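Here, each number is a calculation from the coordinates, and none is a lab measurement. The structure presented is a predicted model; accordingly, all values stated were derived computationally and were not measured. Ideal geometry is used to build each Cβ from the backbone, glycine not excepted, and the neighbour counts take in all protein chains shown.
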Amino acid sequence: MHPSTPDERLRAFGNQLIEIHLWLREELTRIRDGLGEPGVRPRDLRTHCLAFCAALTRHHTGEDAGAFRVLADRVPELAPVLRELEADHHVVAGILHRVEELAEAAAPPAEVRAELDTLAALLESHFVYEEKKLVDALNALTDGTTEGLLGVPVPPPDPE
């Protein structure tokens, strides 16, 4: 892993995980809120949806290859938790694939919303569990980068 920059280490990795999860929740809410809204073009919604799916996939792939491997080596008692979280990532990937198919096919908003509602419920449970089990261990890490461990950089603050 590459050494972290001073700015990255101002916030511990576990805290950064929470920030990434908050951002992903907000993005998913924006997509769900945009479904069926007058004036929202299907193309814009599809683009936003596909970008979200890609970001979530990068995050989970990054965790599997980064943070989870590091934690498995340094905190072996977390191995069962890490296996559960990786299994969740596979379930989420299946739902994301379905969402991408629906978005590409410009499926009816109700159909897309149902799939996104399923995704939102699963992610909420997954994120809460992951944060409860891993934040302290991630905060104890002293090397690595956010992107290397968590798959994505911490999103910038929302300008709103």
(request) Using packing as a proxy for protection, rank 70-77, 128-135 so that the peptide with the highest average count of other Cβ atoms within 10 Å comes first. (result) 128-135, 70-77
(message) Just to be sure I understand: with springs between alpha-carbon atoms less than 10 Å apart, which residue in L85, L141, L149 has the highest mean-square fluctuation in the Gaussian network model of the chain?
(response) L141
(message) Binning at 10 angstrom from zero up to the longest distance, how are the C-alpha pair distances of segment 88-150 distributed in percent?
(response) 18, 37, 26, 15, 3
